[in-house]
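The values are calculated or read from the model by the stated rules, or taken from the named source; none is laboratory data. What you are looking at is a predicted structure, and each value in this text was computed from that prediction instead of being measured. All Cβ positions, glycine included, derive from the backbone under ideal geometry; neighbour counts span all protein chains shown. Just the protein is used for accessible areas: all its heavy atoms, side chains included, with ligands, DNA and RNA removed. Shrake-Rupley method; radii C 1.70, N 1.55, O 1.52, S 1.80 Å.
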Amino acid sequence: MRHAITLRIGPATFRIGSAWRQPIAELGRLYATYPDMDGAIADFTVRLQPTSLARRWVRPSIFITGDHGLADAAPMSLAHGLLAAEMGMNLQMALGWRRHLLLHASSVEKDGRVLVMTGESGSGKSTLAALLGERGWRFMGDEFALLDMDSGAILPFPRLVSLKNRAIDVVTQAVGVARMGPLLAATAKGDIRHMVPRGDAVARMGEGGMPALLLFPRFGHDAAVRPVGQGEIFMRLTQASTNYVALGEPAFTALTRFVANVPARAIDFPSGDDAIAMVDRLWEQLA
Amino acid sequence: MSAALLVRTLRDPASAGTLDADGWNRLLAAARAERLIGTLAYRLEGVALPDAVRPILDDARRDSGREAQQALWEADRAGQALRGLDVKLVLLKGAAYVAADLRAGQGRFIGDLDILVPRDAMPAVERALIAAGWEWVKEDPYDDAYYRRWMHELPPMIHVERDRMIDVHHTILPLTARQTPDAAAMIADAVHITDGLYILSVEDRIVHSVAHMFADGDMQGGLRNLWDIYCLLPDADPMALAARATRHGLVPHVRQAQRLAGAIYGSGAGLTLWDKLVRARLLARDGWGRESRKLLVFAFFVRSHWLRMPPLMLARHLLIKWRKGHRPQ
């Protein structure tokens, strides 16, 4: 394709091709501190191509696809090209990654042990991971936590953090505008802005840790902590995994071990500061 | 053309030793797009591979192993559902190759379960499958009526719990096609493999695969179909195959498949001008996994419809599909 870049995030290498310059240029700027993978053999190919011949030039419209794709993927405006590239990489992982059990979760690490946070989009797991990553934790990822099925460790997938709507201002104030990507206004998920993780998150992206605490965060409610039964945890994690079925028995064994060994709580919180105080307290008590 | 690189590597796995990183990226993208990555992984066993390639091919082998296991389970479930009917259940395509442990099944991508049953047993088969948990996928009444009136198979069904599709064939080609292979003869000569399940005879397996590739369809996924045929051919006696092709009215198609399989995957064969056009269509895939040669691909799309139905009927069908918002890819 006309424009291309190769990126490595955690254990996965992506070759991203685009009919337009802009998405590749934005990736190049925001992933500048990641390893230089120019000319490497990639695990996945991502393509950002026009939805039709005319749509390359006239009101450009991106169809996101690659080695793995969805025929009915919604087209995206070129103004949201960076988001399209990120979605393209996520799509390859979600549909094609087999070397670890994928959990749709954010994760951070301290003293070699890992806090995993899982929840629906809007639960606050990305924002919480981003904020913790600025306060003494190592950021490991805001989208996928990779569970190693042999060792039981969680491995990082520290791509750009995708912040939405109100979280954008909160995190921009905390990290400064230099580490923020362009504001992508009015996407299908509202306003989105990407944040570059801290240098330690990128430098140590090959380094995992054993999971020590699992949280189910929920933003926008009065502060509360609830226990969660192991059966419910298991079911919620299978639903939060895109490759659990494809991996078969090893995934069942690994997830069973994870659920049996890792303490878990559901937490509700009204603000980021409340959430961080709750996380610190629970980490002290349980991890 | 990266499809050319893909077929060269399938033909001569040792040639992968000379690939640079860009070559590997193009090869892997083409293999995935043609759904031949599992086959490629098996072909490259024993070849020295770059570190970055090995895990990709290990994943592909594991995926195809799981697909084979799932296909056998679906076949078993379909067999169970039809047990009381006294109907010969013939497995087709991927599930058959895996069930009989044929070379064509090694690493093969398997999507839906395809089965062939006698046409007069269709109402009973349909009832038995619905009772066992399969349900219709298409809601559109035009599509449903179209399938039932003109196609060689029922509209696709999906199992409500296992989320797996089944295609129930009662004939080999659409009822509107020019050739009319003898499905009853295929069922009569089917080979018993296990537990009430059958597969087609050696010759019919080839004729069936050829019929779908060359007398129907637009050659989407054609490289994989031709690989199937290439793997199936050595099992058949050439005389018996020719006799069977005559019986089914597909002599020119079988001969063309033999030439193309030899030229693309084997040790070479003389090609006619028409063969060369088909080969150009089959190899229309670039290094990013995109379909290339758009005009040629579109011409084959048009041809597939031309083969399937008479002109007036085709015009009416395309008009209805267009109004429903369907566009060729």
Inset, instruction - Would you be able to say whether some residue in the range A:89-100 is under 22 Å from A:LEU30 (Cβ atoms), over 15 Å from the mean Cα position of the chain (by Cα) and crowded, with 22+ Cβ neighbours inside 10 Å? - result: no
Inset, instruction - Go through the range A:171-287 and tell me which helices (runs of 4 or more DSSP H), entirely inside it, have 1 or more residues that are more than 20 Å from A:THR118 (Cβ to Cβ) and open to solvent by 80 Å² or more (accessible area, probe 1.4 Å). - result: A:199-203, A:249-261, A:272-286
Legend entry - A:GLY96 vs. criteria modelled with pLDDT of 95 or more, of a type outside the set (S, T, N, Q) and more than 28 Å from A:THR256 (Cα to Cα): no
Legend entry - Enumeration of residues in the range A:39-89 that are at positive phi and among the charged types (D, E, K, R): A:ARG59
Legend entry - Given (1) away from every other protein chain (no Cβ under 13 Å); (2) assigned to a loop (DSSP other than H, G, I, E, B); (3) touching a Phe, Trp or Tyr at 6+ places or on another chain (Cβ under 9 Å), number of the condition A:GLU109 does not satisfy: (2)
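Filter the range A:17-47 for residues that are of a type in the set (D, E, K, R) and more than 10 Å from chain B (Cβ to nearest Cβ) and give the result.
A:ARG21, A:GLU26, A:ARG29, A:ASP36 - these are the residues of the range A:17-47 that are of a type in the set (D, E, K, R) and more than 10 Å from chain B (Cβ to nearest Cβ).
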Legend entry - Leading residue by the ranking (farthest from the other protein chains (Cβ to nearest Cβ)) among those in the range B:45-60 that are buried (at least 20 other Cβ atoms within 10 Å of the Cβ) and part of a helix (DSSP H, G or I): B:LEU57
Inset, instruction - Only residues in the range B:61-82 that are under 22 Å from B:LEU44 (Cα atoms) and assigned to a helix (DSSP H, G or I) count as the first member; pair them with residues that are among the basic types (Lys, Arg) and open to solvent by less than 30 Å² (accessible area, probe 1.4 Å), Cβ under 7 angstrom, at least 6 apart or cross-chain, and list the lot. - result: B:ARG62/A:ARG98; B:ASP63/A:ARG98; B:SER64/B:ARG108
Legend entry - Residues of the range B:241-286 satisfying the condition of being open to solvent by 10 Å² or more (accessible area, probe 1.4 Å), outside any loop (DSSP other than H, G, I, E, B) and in contact with a Ser or Thr (Cβ under 9 Å, 6 or more places away or on another chain): B:ARG244, B:GLN256, B:ARG259, B:ARG285
Legend entry - Some residue of the range A:48-55 being in contact with a strand residue (DSSP E or B) (Cβ under 9 Å, 6 or more places away or on another chain), within 26 Å of B:ASP58 (Cα to Cα) and within 11 Å of chain B (Cβ to nearest Cβ): no
Inset, instruction - Could you list, in sequence order, all residues of the range A:237-268 that are out of contact with any strand residue (DSSP E or B) (no Cβ under 7 Å at 6 or more places or on another chain) and not β-branched (Val, Ile, Thr)? - result: A:GLN239, A:ALA246, A:GLY248, A:GLU249, A:PRO250, A:PHE252, A:ARG257, A:ALA260, A:ASN261
Inset, instruction - Please name all residue pairs, on different chains or six or more residues apart, with Cβ atoms under 6 Å, provided the first residue is in the range B:136-163 and is without any contact (Cβ under 8 Å) to a residue 60 or more places away in the chain and the second residue is in a loop (DSSP other than H, G, I, E, B) and aromatic (Phe, Trp, Tyr). - result: none
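Looking only at residues in the range B:287-304 that are farther than 21 Å from B:LEU5 by Cβ and either open to solvent by 30 Å² or more (accessible area, probe 1.4 Å) or aliphatic (A, V, I, L, M) (or both), which one is farthest from the other protein chains (Cβ to nearest Cβ)?
Residue satisfying both the conditions and the ranking: B:ARG303.
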Inset, instruction - All but one of (1) of a type outside the set (Asp, Glu); (2) open to solvent by less than 50 Å² (accessible area, probe 1.4 Å); (3) within 10 Å of another protein chain (Cβ to nearest Cβ) hold for A:PHE14, so report the exception by its number. - result: (3)
Inset, instruction - Note down all Cβ pairs under 6 Å where the first residue falls in the range A:209-223 and is closer than 17 Å to A:ALA260 by Cβ, the second is in a strand (DSSP E or B) and open to solvent by 80 Å² or more (accessible area, probe 1.4 Å), and they're at least six residues apart or on different chains. - result: A:MET210/A:ARG113; A:ALA212/A:ARG113
Legend entry - Counted residues, the range B:106-131 - those being surrounded by fewer than 17 Cβ atoms within 10 Å (Cβ to Cβ) and under 18 Å from the mean Cα position of the chain (by Cα): 1
Legend entry - Count of the range B:217-234 residues which are outside any helix (DSSP H, G or I) and in contact (Cβ under 8 Å) with a residue 24 or more places away in the chain: 4
Legend entry - Residues satisfying the stated conditions in the range B:6-38, i.e. more than 19 Å from the chain's Cα centre (by Cα), open to solvent by less than 10 Å² (accessible area, probe 1.4 Å) and within 14 Å of chain A (Cβ to nearest Cβ): B:ALA16, B:GLY23, B:TRP24, B:LEU27, B:LEU28, B:ALA29
Inset, instruction - Of the conditions (1) open to solvent by 10 Å² or more (accessible area, probe 1.4 Å); (2) under 21 Å from the mean Cα position of the chain (by Cα), B:ALA41 clears all except one; give me its number. - result: (1)
Legend entry - Filter result for A:VAL228 (of a type in the set (Val, Ile, Thr), touching a strand residue (DSSP E or B) at 6+ places or on another chain (Cβ under 6 Å) and free of Cβ contacts under 8 Å to residues at least 40 places away in the same chain): yes
Legend entry - Close pairs from the range B:274-295: first farther than 11 Å from B:GLY222 by Cβ, partner among the hydroxyl-bearing types (Ser, Thr, Tyr) and outside any helix (DSSP H, G or I), Cβ under 8 Å, at least 6 apart: B:ASP286/B:SER292; B:TRP288/A:THR45; B:GLY289/A:THR45
Legend entry - Qualifying residues in the range A:57-77 (those that are open to solvent by 60 Å² or more (accessible area, probe 1.4 Å) and away from chain B (no Cβ under 13 Å)) - the one nearest to B:PRO55 (Cα to Cα): A:LEU70
